[in-house]
1. If you find the alpha carbon centre of the stretch 109-148 and of the stretch 534-559, how far apart are they in angstrom?
2. Any aspartates and glutamates with Cα under 13 Å of the Lys59 Cα? List them, leaving off those in the same chain fewer than 8 positions away.
3. Please state the charge dipole magnitude for the stretch 68-145, taken about the Cα centre, from unit charges on C-beta atoms (+1 on K and R, -1 on D and E), reported in debye and rounded to the nearest 20.
4. Mind checking which of Gly278, Thr259, Ile243 is farthest towards the positive end of the stretch 165-285's charge dipole, using Cβ charges of +1 (Lys, Arg) and -1 (Asp, Glu) about the Cα centre?
5. Could you work out, for the stretch 165-285, what percent of all Cα-Cα pairs fall into each 10 Å distance bin, beginning at 0 Å and stopping at the bin that holds the largest distance?
6. Cross-link candidates for Lys195: which aspartates and glutamates have Cα within less than 20 Å, leaving aside residues fewer than 8 places away along the same chain?
7. Could you give the spread of the C-alpha atoms of the stretch 653-730 along their three principal axes, from largest to smallest, in whole angstroms?
8. Explain nothing, just compute: Karplus ³J(HN,Hα) = 6.51 cos²θ - 1.76 cosθ + 1.60, θ = phi - 60°, for every residue of the stretch 265-276 in order, whole Hz, x for Gly and Pro.
Amino acid sequence: MATQSQINASLGLPPGINPDGSWNAQDYMERRVAGQVDTQAQVDAARAANPYSAQNMAKVDVTRQGQYVDDPVTGETVALTSYSPGFDINNKTALTYIGEGLARGGQDSTSQQFLAIATPAQKAEADRLWSIEKARLEEIDRQAALAAQGQTSADQGKTMTSATKANPSALPAGFLESLTAIPNVTDQQIVAAMKTANVSPKNLADGLGISEGEVIARVAGSVPNGQTVQLGDTIIQPQYRVIGDGQDQQIGPLENVYTYRASDNKVGGGYTQYAADGTLERTGTQMKVNATQDFLKFAATAGALFGGAALAGIGEGALTGTAAGTGTGLLTGGTGATALGTGLTAGSSLSGLTAGSTLSGLTTGAGALTGANTLLGGAALGTTLGGLTTGVGAGALTAGALTAGAGTGALTASQIGSLLSGGLTTGAGLLQQQTSREAAQKAQQMIDVETAAAKQAAQFRPVGMTTRFGTSQFTVDPVTGQLTSAGYTASPGVLEAQNRLVALGNQGLAQAEAAQGQFAPLQTGAQNLFNLGNQYIAQSPEAVAQNYLNQQMALLQPGRETELANLQNRLQQQGRGGLAVAQGGALGDTTPELQALYNARAQQEAQLAANAQQYGQQNVAFGAGLLGTGAQTMGQYYAGQQAAYAPYTTALGQFTNLEQLAQQPLTMGATLGQQSAQAGANVGRLGLTGAGQSVALATGPAATTNPYSTLLSGLGASPAFGQAVGGLFL
């Protein structure tokens, strides 16, 4: 399939021209001939295709960036922005609409661009034309109001001013009237008017006959995320749903709104929380942050200090009185030994185990030595051990059987000694377990106390701070004590400066938007320089020199012919027409006058040839210079547009600097909280370390050894003691 360039060539069209007369840049680049001058048709088509050419910038083109309106009389489209194609600063329709923007404060970009380039006379004309149009519109409204008198106006329902005025006296005089005079007034415009008139949400709610929460919700919807607005004595802080962070952060719908009086913007001040629809959710008091629960996890440390193996043996019933008493006992057919074990458990000491003293501690529990408690030997032994029969069933020992040492089933001295040794050993073990358990419980209490103190000391406590640039706020859940939100409020001075910087930034942005159109002539000039430069460098220096020489010779030829004819005529009149003088060598004979003439011509032609060569070089160099100048001009075109952003970026940078200064209280408060938490964690770590050492000492053998357990263990392990005691019963 043939390309458009091939089709154009087959039709004999100049390079770059389509059959419909439109410009084809690709065709031009493919078929153009170096050195061939472009036709006027090519130049006109190229300019028509350039959106920034003078002829295109003179025509309105609504497909291009800008603001446009239709002339209500002619129906023609009129450009309002100075950088838009077809903008005419003296057009009455444009001046009328621009005058309306100026009457509303002139903060929009279109008004700012107009103010940047308009003369005082043009500004005055815009004000005059808008005054006429405003009067015309007001008269139309007045006539319409008269025609609709007695009818109920339709509820516009788009702004807060659509509600019924319940108490207009709550608002400044003329406040509502100034708002209703604005066509399709928005919530943002209402908020701006409230700030200017120092009207609080409560004032507006009373004036409109609606709830304060509804006003607050509508106001919050006009405040950007992370910012607050103060209306009257009330500060409104919206809370939006935020998903992600950094470059992936997405701001969702409004979730809650917090309000508080300016005087309550401190720790201990009250606040009110509303839902996104203005429903009152709760009220509270601003607090300092106590902690982030479980900031440090001490469980692993505490577990290591306790020691699992040391506590594994401390279980339910480890030191109960029945632990050693299960089973049938040591006595054949009876349970007397179990009763003895129970008595040892119940007794807390064996204070009487000295030479010849009593075993009073063994008499405390059931089944202990409840009879006479002395070891005097002799006939009294039967009575002394009579208590062993308590609870004994068949085969129990009677006093008579023990004293007499005879009868069926009587114990020998060795058996009695073994029985007593086993009981003493069991009692010693139980006493030692009790001592170790008490030591472990005390160690656990010590660790619990130190762990709680460490957690309390390591809690994150951000500090609310105030500087001349702003104030930080930290919101804590009153139930859980956890930090739920943190923010900051810029000082009035910072907010005022930022508002002024925003206005400057808008002006700078308007200038940047208009820069492309303003610098468009540079682009056109650069393109012309490129075209002209290409024409100069299209021919080689030799071709230019030859053209130059031919042109010069053509200019000299008429004069030379006249000069030769005059010389020949003069020689003929002098009778020397046939005179010839030998020139020597291969040169022909001629007259001296003719020789002089041709010598002069040869010298002149040699000079022309030298000049032609120099001219050819200069011609190419001049073309290259035009291209360089075109490149510089094009660079100035882009550099000018980049420089046009400087006022905007400067204002934005200063705005950002002020925002960072306002954030300092938040950063400082969080930093102090982190430092405090770290210091508390260090203190808690020292406390746990000391507690660990104390636990090691308190649960060590030196601290947990029970002397009575040691004594009973020694007696129970002594065969001599068992035999001696057993011999007392025989």
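1. The distance from the Cα centre of the stretch 109-148 to that of the stretch 534-559 comes to 65 Å.
2. Once the sequence-local aspartates and glutamates are set aside, what remains near Lys59 is Glu76, Asp88.
3. Details: 7 positive and 12 negative charges, 46 e Å.
Charge dipole of the stretch 68-145: 220 debye, to the nearest 20.
4. Comparing the listed Cα positions along the dipole, Thr259 ranks first.
5. 13, 42, 32, 11, 2
6. Asp108, Glu177, Asp187, Asp206, Glu212, Glu214, Asp233, Asp264, Glu496
7. 110, 16, 13
8. Calculated HN-Hα couplings, in order: 7, 6, 5, x, x, x, 8, 10, 10, 10, 7, 5 Hz.
Rule-based calculations on the coordinates, nothing more; no lab input. Please read all numbers here as calculations on a predicted model, not as lab measurements. Methodologically, a virtual Cβ is constructed for each residue, glycine included, from the backbone with ideal geometry; neighbour enumeration extends over all protein chains shown.
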